[in-house]
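Colleague: Sending over a structure as structure tokens; questions will come in a sec.
The values are calculated or read from the model by the stated rules, or taken from the named source; none is laboratory data. These numbers were taken from a predicted model, which means no experiment stands behind them. With ideal geometry, Cβ positions are generated from the backbone for all residues, glycine too; neighbour counts draw on all protein chains shown. In case anyone asks, the SASA skips ligands and DNA or RNA and just uses the protein heavy atoms, side chains included. Shrake-Rupley method; radii C 1.70, N 1.55, O 1.52, S 1.80 Å.
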Amino acid sequence: MFAFTSLGVNYDKDLANKYRGIYTFRVQEQMYHLIDDLYPRERGPRNLQLYFYDNANELENRMVCSDKLNESAVKKLMDILKDNPYSMFLRSLTDMSNLQNYHIALKCEAGLDQRVYYMPTTIEIAAIWVDEYDGSVIHALHLQIYTHSDRTQRVNYYFGCYDPLQYPLLFPHGQSGWHCGTKKLPKPENIPRSRTLEFEQLPNIKSFTSMRNDDEDEILHTGRLFQQYSVDEYIKLETQRLDFVSFNQDLFRMGILQRLLDILKLGERDASNVGKQTFLPNSFIGGPRDMRQRYMDAIALVQRFGKPDLFITMTCSPSWMKIKEQLWSTDEAKNRPDLITRVFRAKIEELKTDILK
């Protein structure tokens with residue numbers, strides 16, 4: 001209802017049905033963020049159009065999206081997002097005459113103060129508009145918004161506006177999400193050795209799980225939306241890794257392509273008829289070379305030490321007290337994969353200690 005972009009995704013509907021078990025947001029292939037024209041088509045306004053179309057009846061237009069909504073909650077969220085720079089810019093367009101004569105573009109690069117918890121100091125971080133056609137501006141790194149084009153545009157994952165356009169409730173001030181220009185925080189100096197080894201200091205689970213006791217990150221407590229956001233960010237990072245491998249094939253060792261030699265032996269000289277294969281290096285986790293290397297390591301261990309003595313299957317219970325103690329009153333364990341993973345890892349390390357020591 002409040003997202004500026006629509007979501008294109010092929011997800012598992014059976015797992016996403018919370019009435020048939022534990023809700024799980026699992027997708028296949030890629031996720032796409034798509035942005036529509038400024039003026040709605042016959043189906044009515046949606047996404048960013050709700051901020052621009054018929055502002056006098058904006059609440060009624062949003063309530064049409066679902067019959068399970070609380071009107072007071074929707075009104076409160078609308079008041080919160082009035083300070084969102086993207087929302088402010090779109091609302092300002094209603095006062096412009098001859099809007100179809102302008103080129104509207106959302107700035108995609110990271111600029112100004114991009115620290116996560118700082119409010120924007122100017123609306124210009126959200127959008128720009130150009131009076132007349134200028135090729136240099138149109139070809140800049142901006143996301144065009146058309147008035148009538150009858151098509152949707154894809155928001156690339158490496159744009160800084162990728163996250164705030166899709167998740168305005170998680171980024172109410174229009175802060176940029178993760179993008180390729182995000183810099184790593186410098187590693188603090190003079191950290192006590194005990195802090196770095198805290199993960200290994202198990203079975204003391206209390207010290208492991210209490211590291212986030214004072215955590216106030218609201219994103220972790222947004223229910224099922226947190227699952228979607230986590231999957232979206234993971235796909236974004238994996239896509240960047242795949243792009244790096246695809247564009248830098250010369251950095252990796254590749255075996256000779258026998259099929260390529262066969263084609264040359266047959267006398268083929270047209271380069272357009274010769275296929276090009278992309279290899280994933282063994283440093284790419286989950287790739288075929290990485291899986292083969294792990295398999296060979298496992299076989300080598302069996303050859304060296306013999307067959308395993310124990311084959312143990314361990315499951316996780318959301319009723320564990322270590323999980324319940326960390327949940328807010330509005331949280332459900334199934335919507336906190338970050339917490340469950342940390343506690344489960346601690347339990348595994350404790351089990352390994354019981355067996356080995």
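Colleague: Please give the length that would be gained between residue 239 and residue 317 if that part of the chain were fully extended, namely 0.36 nm times their separation in residues minus their C-alpha to C-alpha distance (nm, one decimal). Before the final figure, lay out each step's value.
Modeller: Working: separation 78, 0.36 × 78 = 28.08 nm, distance 3.25 nm.
That pair, residue 239 and residue 317, stretches by 24.8 nm at full extension.
Colleague: Is the shape of the stretch 62-110 best called rounded, prolate or oblate, per the rule: a/c under 1.5 gives rounded, else a/b larger than b/c gives prolate, else oblate, with a ≥ b ≥ c the square roots of the Cα gyration tensor eigenvalues? Numbers along the way, then the final one.
Modeller: On the way: a/c = 2.56, a/b = 1.85, b/c = 1.38.
Prolate.
Colleague: Quick check: pseudo-label points 7 Å beyond the Cα along Cα→Cβ at residue 302 and residue 283, how many nm apart are they?
Modeller: Going from the residue 302 label point to the residue 283 one covers 3.0 nm.
Colleague: With a 1.4 Å probe and all protein chains kept in place, how do 171, 305 rank by accessible area, largest first? If you can, show how the numbers build up before the last one.
Modeller: On the way: 171 15, 305 150 Å².
In descending accessible area the options line up as 305, 171.
Colleague: Cut-off under 28 Å on the C-alpha distance; same-chain residues fewer than 8 positions from residue 68 excluded. Which lysines are left, in chain and number order?
Modeller: 13, 18, 76, 82, 334
Colleague: Still on this model: Let me check something: with ligands and nucleic acids excluded, how do 65, 161, 316 order by accessible area (1.4 Å probe), largest to smallest?
Modeller: Order by accessible area, largest first: 65, 316, 161.
Colleague: To continue, here is another question. Quick check on the stretch 272-357: take the gyration tensor over C-alpha atoms, sort the square-rooted eigenvalues as a ≥ b ≥ c, and tell me if it's rounded (a/c under 1.5), prolate or oblate. Display every interim value, and only then the final one.
Modeller: Numbers: a/c = 4.27, a/b = 1.43, b/c = 2.98.
Oblate.
Colleague: Here is a further query. Leaving ligands and nucleic acids out of the surface, order 354, 331 by accessible area at 1.4 Å, largest first. Numbers along the way, then the final one.
Modeller: On the way: 354 105, 331 25 Å².
Greatest to least solvent exposure: 354, 331.
Colleague: Report, ordered by chain and residue number, the lysines lying within cross-link reach of residue 187, taken as a straight Cα distance under 29 Å and ignoring same-chain residues fewer than 8 apart.
Modeller: 206, 236, 347
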